[in-house]
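The values are calculated or read from the model by the stated rules, or taken from the named source; none is laboratory data. None of the values given here were measured: they were computed from a predicted structure. Quick reminder, even Gly has a Cβ in these numbers, built from the backbone with ideal geometry, and neighbours come from all protein chains shown. Heads up: the accessible areas ignore ligands, DNA and RNA and are worked out on the full protein's heavy atoms, side chains in. Shrake-Rupley method; radii C 1.70, N 1.55, O 1.52, S 1.80 Å.
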Amino acid sequence: MYWVRFSPFLTLVSAIVLALTTLAAVPTCKLESTALQKLLQRWLGVFAAEQLIPGQLPPQLPVHLPLPEKAEVVGSIVKSSNNFQIILDVVQSPEQVQAFYEQKLLQTGWQKQKHLELSTQQIGFINSSSTVDNSSTNQDSTFCSLSHKAKLNIQASYLFVSTTEISPQVHLNLEVSPSKSSSDFQCSLSQSSPKIQLPPLNTPSRVGIKANFTAGSEQSAYSYGVLYTELEPQLVNADYAAQIEKFGWQRGDTKHNDMGIWSTWTFKDHFGQPKQGLLSITKLAGVSNQYAAYIEYR
C-alpha cells in the first residue's frame with residue numbers, strides 16, 4: 001500500500017540512503033545479507049538485477065569521477081555494467097558542488113549540456129513573501145564525454161536526514177555507452193528541461209516558511225518546506241490541499257495523528273500515465289510551532 005511504501009520524510013532517494021546505511025551497519029552472514037538486500041530491493045522498488053553497494057563506489061566503475069573534499073560515499077546502485085548511481089553526503093552547498101564538478105570535468109575534456117526551454121514557473125512549496133528564487137537550492141547539470149562515451153548527471157540539493165536536520169546531498173548518475181565504436185556515440189550539448197508536475201504551493205496566511213527546496217524529473221519529484229505557524233497542521237493541510245486540487249490532482253485517503261496529517265493523491269502525467277502523490281504536514285521533533293511540509297509524486 002502507498003502508506004507503507006512512502007512516509008513523510010522518506011522519498012525513494014532518502015529511503016535508499018537509510019537502507020544502505022542500515023545494511024552497512026548490521027553485521028550478517030552471507031545468507032542474511034542476501035536476504036536483506038532482496039528485502040530492500042522489494043521495498044525500494046529496485047530491480048533484482050540492480051546491486052546495492054553500501055558505503056562504497058562501484059568496484060568496476062569504468063570512468064574516474066572526482067569527489068568533493070570531505071565527501072562521504074553513502075552508497076551506490078549498479079543498475080547494469082553501463083549504468084551507475086552514486087549517493088554522496090557532502091559539506092559543500094549545492095552551488096559549490098556544481099562549481100566543483102564543472103571545473104574538474106571541463107578540465108578533463110567533458111562538455112556541459114545546456115537546458116532548453118528553461119521554465120521560470122515556481123513549483124512545490126513557495127515562500128510567497130520572498131523575491132528570492134525558490135529553486136536556487138536545487139542544482140542539476142549534465143556533462144558528456146566523447147572519449148569515455150559517457151554522460152554524467154549531477155543532482156545536488158538539501159534533504160531532510162531526520163525530522164530536525166537538513167543536509168546537502170549529491171547524486172551522480174553515470175551512463176556509459178555499451179558500443180565499442182566512438183562513431184556510435186554523440187554528445188548532445190542541449191536538452192529540454194524536465195516538465196516537473198508539482199503544483200505551486202503558496203504559503204497560507206499566518207504561516208511562514210524558513211526553508212524550501214524542490215527537485216525531481218518528469219518521472220518523480222518532491223518538495224520540502226520548513227513552516228512556522230501557530231495553526232494546527234490540519235488547517236495548514238486544508239489550504240495546501242485546496243491548491244493541489246485546483247492544480248488538477250485528485251485526493252485519495254487522508255490519515256492523521258498527534259504528529260500531523262498525510263493524504264494521498266492521483267493524477268495523470270503529460271503522457272497520460274497514472275501517478276501517485278503524497279502530501280504531509282508533520283511536527284518537527286523538539287521544536288514548537290514548526291512543521292515539515294512535504295509533497296511528492298512518482
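The table below lists the values:
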| read-out | value |
| --- | --- |
| Test set (1) surrounded by fewer than 20 Cβ atoms within 10 Å (Cβ to Cβ); (2) in contact with a helix residue (DSSP H, G or I) (Cβ under 9 Å, 6 or more places away or on another chain) - Cys187 fails condition number | (2) |
| Count of the stretch 144-175 residues which are polar (S, T, N, Q), at pLDDT below 90 and either crowded, with 18+ Cβ neighbours inside 10 Å or at positive phi (or both) | 3 |
| Residue pairs meeting the criteria (Cβ under 6 Å; at least 6 apart or on separate chains; first on the phi > 0 side of the Ramachandran plot and at pLDDT below 95, in the stretch 259-282; second open to solvent by 40 Å² or more (accessible area, probe 1.4 Å) and assigned to a strand (DSSP E or B)) | Gly260/Lys283 |
| Condition broken by Pro66, with the remaining ones in (1) in a loop (DSSP other than H, G, I, E, B); (2) at pLDDT below 90 satisfied | (2) |
| Test result for Lys180, touching a Phe, Trp or Tyr at 6+ places or on another chain (Cβ under 8 Å) and either surrounded by 20 or more Cβ atoms within 10 Å (Cβ to Cβ) or modelled with pLDDT under 85 (or both) | no |
| Qualifying residue in the stretch 243-251 (condition: of a type outside the set (A, V, I, L, M), open to solvent by less than 20 Å² (accessible area, probe 1.4 Å) and in contact with a Phe, Trp or Tyr (Cβ under 6 Å, 6 or more places away or on another chain)) | yes |
| Matching residues, the stretch 254-278, being touching a strand residue (DSSP E or B) at 6+ places or on another chain (Cβ under 7 Å) and farther than 16 Å from Tyr240 by Cβ | Met259, Thr266, Lys268, Asp269, Pro274, Lys275, Gln276 |
| Residues that are closer than 17 Å to Leu227 by Cβ and modelled with pLDDT of 95 or more, drawn from the stretch 243-258 | Gln243, Ile244 |
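Each row is one residue, and each column tells you yes or no for (1) closer than 25 Å to Leu159 by Cβ; (2) under 23 Å from the mean Cα position of the chain (by Cα); (3) buried (at least 19 other Cβ atoms within 10 Å of the Cβ).
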site	(1), (2), (3)
Asn202	yes, yes, no
Ser217	yes, yes, no
Tyr224	yes, yes, yes
Val236	yes, no, yes
